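Right, one structure below, let's go through it.
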Ligand code: SF4
Ligand code: SF4
């Protein structure tokens, strides 16, 4: 494929999966599972959620079947790319004790599989950019994240169906993916406009049976993405959220939202940018070795604020304030941008329907 804007017939989508797998990647793509769209190993186009839609609202996520022949007529599911690079649970290192009671330390070095993901959204790529800043920059780059990240090939799909919870247009992160992908697709009724961004994307796309995209197809693709932006009704408040939030640390709304918040941590689990983790010592029963594991944690967990026998965030209001002010204010100082990419997952998957845009608006008003 010579053109960076080509057209792939719907019936030829299997060739993308086959080409990815022939190149040695484990192909991962969206599938309908247990009432949600999740990413899992993909070998055939029939596994994709053909015709599936996803209605989302505060505390609500329901799959429907009004998407016709389309594979990507939904905005997002509970996962983003986060589990592919920052594993929910992993062993970091282990220590072995020999017969003379000497300790030997070794890195865990979990095997990394070359992975290609189909269906990453603009918000997912913006979140990946933030996670790269957290895990890869500076002197303490995370070896596990770096190994998985280097082997990740990304086929993005520009959003043409925003959910009611989406507000990526207001954060400037979507619905069109602008960076961070190898190949991007825009789904139309009869197929996909294909864009190539990287050299490895170009190499892989050369194996696809495409035709040059026509002006009509390019126009339809641009219009569909623009319509997804216009359909979004939520937004974060305008203005300097960092300064507004830091000036309102004693606002009564923190206590009010804490009356509803269950401190369950669902919002942080589904958030594609959250990166809190906890380490645990896991000794073997015979005392011969011990493993140091890392698993996702949440600033909503009671244990996360425990320091030297004290809890610096004992109240739910303090934990909610920590989450929101870190995400929307403190990240500007740490990573040069907000920690929210407008995916809306924390709104849909909050069991009591707490809406970050509503809370931010009430506090900043
Ligand atoms: S805070 Fe909520 S809307 Fe923002 S990136 Fe995280 S899950 Fe998405
Ligand atoms: S805001 Fe919602 S999802 Fe987050 S901890 Fe509170 S109840 Fe759970």
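No lab work stands behind these numbers, since they all come straight from the coordinates. No experiment lies behind these values; they were computed from the predicted model shown. No Cβ is skipped: glycine too gets one built from the backbone with ideal geometry, and neighbour counts run over all protein chains shown.
Quick look at the numbers
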| read-out | value |
| --- | --- |
| The chain: C-alpha gyration tensor shape, a/c 1.5 cut-off, then a/b vs b/c | oblate |
| Translational D in µm²/s for segment 37-96 (Stokes-Einstein at 4 °C, 1.567 mPa s, Kirkwood Rh from C-alpha pairs) | 93 |
| Whole-percent pair-distance distribution, where bins are 10 Å wide, for the alpha carbons of segment 138-254 | 11, 28, 27, 22, 9, 2 |
| Projected label distance in nm at residue 238 and residue 93, using a 7 Å step from Cα toward the beta-carbon | 5.1 |
| Per-pair calculated FRET efficiency, R0 = 30 Å: residue 103 and residue 306 via Cβ, rounded to 0.05 | 0.65 |
| Calculated diffusion of segment 124-171, Stokes-Einstein form, Kirkwood radius summed over Cα pairs, 10 °C and 1.306 mPa s, µm²/s | 123 |
| P(r) of segment 241-364 over all Cα-Cα pairs, binned every 10 Å from zero, in whole percent | 12, 40, 32, 10, 5, 1 |
| For segment 10-32 versus segment 209-255, the gap between their alpha-carbon centres in whole angstrom | 29 |
| Three-way shape call for segment 42-184 based on the alpha-carbon gyration tensor, with the a/c threshold at 1.5 | prolate |
| Förster-model FRET efficiency, 35 Å R0, residue 290 and residue 139, C-beta, rounded to 0.05 | 0.85 |
| Order by protection proxy (mean Cβ within 10 Å, highest first), peptides 24-32, 166-174, 276-284 | 166-174, 24-32, 276-284 |
| Value in Å of the Kirkwood radius, where segment 1-104 supplies the Cα pairs that are averaged | 17.0 |
| Principal axes of segment 170-324: Cα extent on each, largest first, Å | 66, 53, 25 |
| Fraction in percent of alpha-carbon pairs per bin - 5 Å, segment 172-219 | 5, 18, 27, 24, 19, 6, 1 |
| Calculated [θ] (222 nm, deg cm²/dmol) that DSSP helices of n ≥ 4 give over the chain, each run adding -39,500 (n - 2.57) | -8000 deg cm²/dmol |
| Gain on full stretching of the segment that runs from residue 333 to residue 256 - 0.36 nm per residue minus C-alpha separation | 25.0 nm |
